[in-house]
Amino acid sequence: MFKSIGTFGIVLIMITALIGVAIGFGIMGVNHPLPWIMLIVVAAIPFIHNKLADKRYLEWKDEYSVGVEAMDNDHKKLINLINQLQTSVDYYTGKEFEEKALDELVDYTKTHFDREEQLLEDNAYEDLDAHKLQHKAFIDKINNAVDQYKNNADVTIIDTLKFLREWLINHINGTDKKYSETLNAKGIH
Ligand SMILES: [Fe+2]
Ligand SMILES: [Fe+2]
């Protein structure tokens, strides 16, 4: 219930602010600029709110490509699963669905890491050990976050999502992209 307070809260703020604007017009009159400025600010609230909400959802960009289609497809699916989890949080689909979305994301992350590591091993990628360490550190952290979430869901699911979004994009754009040259040179695209 409390997770949908976002939209409800915005509506409440707007109603309160509009009452303030009406009082402002009543006291200062229509020729005073202040109530008009307040009115413009109130009108901008939904726009600002939507912009902030958009930031919570990831969108695939061509610049994220690592030049290997199978890995790009895995990364796209991970982005979709993160967005699915964000949707379950935003629309309060229930703890059961939320947990299912989180488990699905963690499972697919592990599947992807295994697949990526195998591909790199098969192609004698020289930085494989360092890459594996990053994956392992992430899995440890995410397992820990899931445990925390299951004990205190409302507090940690938002932090977990933020961490997932930032880590994934940074990892794809940094560490993963480093293998593009090696694999592409071996004819893997
Ligand atoms: Fe990776
Ligand atoms: Fe990856």
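Residue check: is Lys100 charged (D, E, K, R), away from ligand 2 (no atom under 14 Å from the Cβ), over 19 Å from Phe163 (Cβ atoms) and assigned to a helix (DSSP H, G or I)? Spelling it out, Lys100 is indeed charged (D, E, K, R), away from ligand 2 (no atom under 14 Å from the Cβ), over 19 Å from Phe163 (Cβ atoms) and assigned to a helix (DSSP H, G or I). Among residues of the stretch 134-143 being touching a residue at least 12 places away in the same chain (Cβ under 8 Å) and open to solvent by 20 Å² or more (accessible area, probe 1.4 Å), the one that is nearest to ligand 1 (Cβ to nearest atom) is Gln134. If you go through the stretch 144-189 and keep only what is among the polar types (S, T, N, Q), at pLDDT 90 or above and open to solvent by 30 Å² or more (accessible area, probe 1.4 Å), you end up with Asn170, Asn173, Thr182, Asn184.
Condition check ((1) of a type in the set (A, V, I, L, M, F, W, C); (2) surrounded by 12 or more Cβ atoms within 10 Å (Cβ to Cβ); (3) within 16 Å of ligand 2 (Cβ to nearest atom); (4) under 28 Å from Asp90 (Cα atoms)) across all residues:
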position: Ala44; (1), (2), (3), (4): yes, no, no, yes
position: His49; (1), (2), (3), (4): no, yes, no, yes
position: Val66; (1), (2), (3), (4): yes, yes, yes, no
position: Asp72; (1), (2), (3), (4): no, yes, yes, yes
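Every condition in (1) hydroxyl-bearing (Ser, Thr, Tyr); (2) open to solvent by 80 Å² or more (accessible area, probe 1.4 Å); (3) within 11 Å of ligand 1 (Cβ to nearest atom) is met by Tyr91 except one, and the failing one is (3). Per this entry, Glu121 is not counted among residues that are of a type in the set (D, E, K, R), open to solvent by less than 70 Å² (accessible area, probe 1.4 Å) and within 16 Å of ligand 2 (Cβ to nearest atom).
The residue pairs whose first member lies in the stretch 80-95 and is within 10 Å of Tyr57 (Cβ to Cβ), whose second member is among the aromatic types (Phe, Trp, Tyr) and exposed (fewer than 15 other Cβ atoms within 10 Å of the Cβ), and whose beta carbons are closer than 8 Å, counting only pairs six or more residues apart or on different chains, are Asn83/Tyr57; Gln86/Tyr57.
The values are calculated or read from the model by the stated rules, or taken from the named source; none is laboratory data. Just so it is clear, the model here is predicted, and its values are computed rather than measured. Ideal geometry is used to build each Cβ from the backbone, glycine not excepted, and the neighbour counts take in all protein chains shown. Calculation scope for accessible area: heavy atoms of the full protein, side chains included, ligands and nucleic acids excluded. Shrake-Rupley method; radii C 1.70, N 1.55, O 1.52, S 1.80 Å.
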